[in-house]
Amino acid sequence: DGGITQSPKYLFRKEGQNVTLSCEQNLNHDAMYWYRQDPGQGLRLIYYSQIVNDFQKGDIAEGYSVSREKKESFPLTVTSAQKNPTAFYLCASSIAGGSYEQYFGPGTRLTVT
Amino acid sequence: EDQVTQSPEALRLQEGESSSLNCSYTVSGLRGLFWYRQDPGKGPEFLFTLYSAGEEKEKERLKATLTKKESFLHITAPKPEDSATYLCAVQPTTSGTYKYIFGTGTRLKVLA
């Protein structure tokens, strides 16, 4: 079955530690995205990539970094510079370059104390 | 500024009680409007894409419609399993195709 996987489902870290969230898709999509979801707010775009080896900052990229070395994979690193990292993180993918629906992974809930 | 507003924030229905969810949008031009269903603690699940005013899409008890200013998600004779948060997103023409603007969602609870 085609889809997007994210791991782990839950992640706990201490302040000051970097942490990497995994996202893999087998939908053969060129475009991939990372969103952050907080209660009472719409999904906010952190980073996106429309092709391998290229990615761009979204609306709230500060304190985050990504890589796109393979079409299937788009890992997100939450660095110690992110001031409020506790949130639900969603990875998505879509066909690139047009008006296409996004397909989302199951999410990773990150708690930093 | 491009904006998406969903109403109501929360809605409680009795099983079988039909209703509509609203998604109002303000964009200079619309590439597409998308509806998703999100269960607690899970990622959004794609439901519909609408591209132009007058367009309608149906799936089981759900029907999505689009005008130039808003979209409605009509739920006919809902069942408890329809309980979820429904998200609306728009893709404006004034930004690159990566840009999707999400509303905050409507939390629907259907009581048996």
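Suppose we filter B:V4, B:V110, B:V90 for residues that are within 14 Å of chain A (Cβ to nearest Cβ), touching a Leu at 6+ places or on another chain (Cβ under 7 Å), of a type in the set (V, I, T) and in a strand (DSSP E or B); which single one remains?
Values: B:V4 fails: touching a Leu at 6+ places or on another chain (Cβ under 7 Å); B:V110 fails: within 14 Å of chain A (Cβ to nearest Cβ).
Residue meeting the stated conditions: B:V90.
For segment A:47-59, state whether one or more residues are in contact (Cβ under 8 Å) with a residue 40 or more places away in the chain, surrounded by 16 or more Cβ atoms within 10 Å (Cβ to Cβ) and within 14 Å of chain B (Cβ to nearest Cβ). Lay out the reasoning, then the answer.
Going through segment A:47-59, the residues in contact (Cβ under 8 Å) with a residue 40 or more places away in the chain turn out to be A:50-51.
Filter once more, so that each one left must be surrounded by 16 or more Cβ atoms within 10 Å (Cβ to Cβ): A:50.
Among the residues that remain, those that are also within 14 Å of chain B (Cβ to nearest Cβ) are: A:50.
There is at least one residue in segment A:47-59 that is in contact (Cβ under 8 Å) with a residue 40 or more places away in the chain, surrounded by 16 or more Cβ atoms within 10 Å (Cβ to Cβ) and within 14 Å of chain B (Cβ to nearest Cβ).
Would you be able to say whether some residue in segment B:17-24 is within 14 Å of chain A (Cβ to nearest Cβ) and more than 22 Å from A:S93 (Cα to Cα)?
yes
Within segment B:7-25, how many residues turn out to be over 15 Å from the mean Cα position of the chain (by Cα) and assigned to a strand (DSSP E or B)?
Residues of segment B:7-25 over 15 Å from the mean Cα position of the chain (by Cα): B:12-18.
Imposing the further condition that a residue be assigned to a strand (DSSP E or B) reduces the set to B:12-14.
Here the count works out to 3.
Please find, within segment A:93-112, the residue that is nearest to the other protein chains (Cβ to nearest Cβ) out of those that are surrounded by fewer than 18 Cβ atoms within 10 Å (Cβ to Cβ) and of a type in the set (A, V, I, L, M).
Here the answer is A:A96.
Let's see how each residue does on (1) at pLDDT 95 or above; (2) more than 12 Å from the chain's Cα centre (by Cα):
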residue	(1), (2)
B:K63	yes, no
B:P80	yes, yes
B:S95	no, yes
B:L108	yes, no
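Considering (1) surrounded by 15 or more Cβ atoms within 10 Å (Cβ to Cβ); (2) modelled with pLDDT of 95 or more; (3) more than 8 Å from chain B (Cβ to nearest Cβ), say which one A:S80 fails and leave the rest.
(2)
Restricting attention to segment B:69-97, report how many residues are out of contact with any Ser or Thr (no Cβ under 9 Å at 6 or more places or on another chain) and either among the polar types (S, T, N, Q) or under 30 Å from B:E1 (Cβ atoms) (or both).
5
Return the total of residues in segment B:68-98 being surrounded by 13 or more Cβ atoms within 10 Å (Cβ to Cβ) and without any contact (Cβ under 8 Å) to a residue 60 or more places away in the chain.
First, pick out the residues of segment B:68-98 that are surrounded by 13 or more Cβ atoms within 10 Å (Cβ to Cβ): B:70-76, B:78-79, B:82-93, B:95, B:97-98.
Add one more test, that the residue is without any contact (Cβ under 8 Å) to a residue 60 or more places away in the chain, and what stays is B:70-74, B:76, B:82-85, B:98.
Counting residues in segment B:68-98 that are surrounded by 13 or more Cβ atoms within 10 Å (Cβ to Cβ) and without any contact (Cβ under 8 Å) to a residue 60 or more places away in the chain gives 11.
Could you give me the residue pairs with C-beta distances under 6 Å whose first residue belongs to segment A:7-21 and is over 15 Å from A:P75 (Cβ atoms), whose second residue is not in a strand (DSSP E or B) wherever it lies, and which are 6+ apart or on separate chains?
Hits for this filter: A:G16/A:S80.
Regarding segment B:42-55, can at least one residue be identified that is touching a residue at least 40 places away in the same chain (Cβ under 8 Å) and within 14 Å of chain A (Cβ to nearest Cβ)? Working first, answer last.
Of segment B:42-55, the ones touching a residue at least 40 places away in the same chain (Cβ under 8 Å) are B:44.
Within this subset, residues satisfying the condition of being within 14 Å of chain A (Cβ to nearest Cβ) are B:44.
Yes, segment B:42-55 contains at least one residue that is touching a residue at least 40 places away in the same chain (Cβ under 8 Å) and within 14 Å of chain A (Cβ to nearest Cβ).
In the set B:G32, B:G43, which member is assigned to a strand (DSSP E or B), small (G, A, S) and surrounded by 13 or more Cβ atoms within 10 Å (Cβ to Cβ)? It would help to see each step written out before you state the result.
Numbers: B:G43 fails: assigned to a strand (DSSP E or B).
Result of the check over B:G32, B:G43: B:G32.
Does A:G16 satisfy the condition of being surrounded by fewer than 20 Cβ atoms within 10 Å (Cβ to Cβ) and within 11 Å of another protein chain (Cβ to nearest Cβ)?
Working: surrounded by fewer than 20 Cβ atoms within 10 Å (Cβ to Cβ): yes; within 11 Å of another protein chain (Cβ to nearest Cβ): no.
In short, no.
The values are calculated or read from the model by the stated rules, or taken from the named source; none is laboratory data. Note that the structure is predicted; figures quoted are calculated from it, not measured. Quick reminder, even Gly has a Cβ in these numbers, built from the backbone with ideal geometry, and neighbours come from all protein chains shown.
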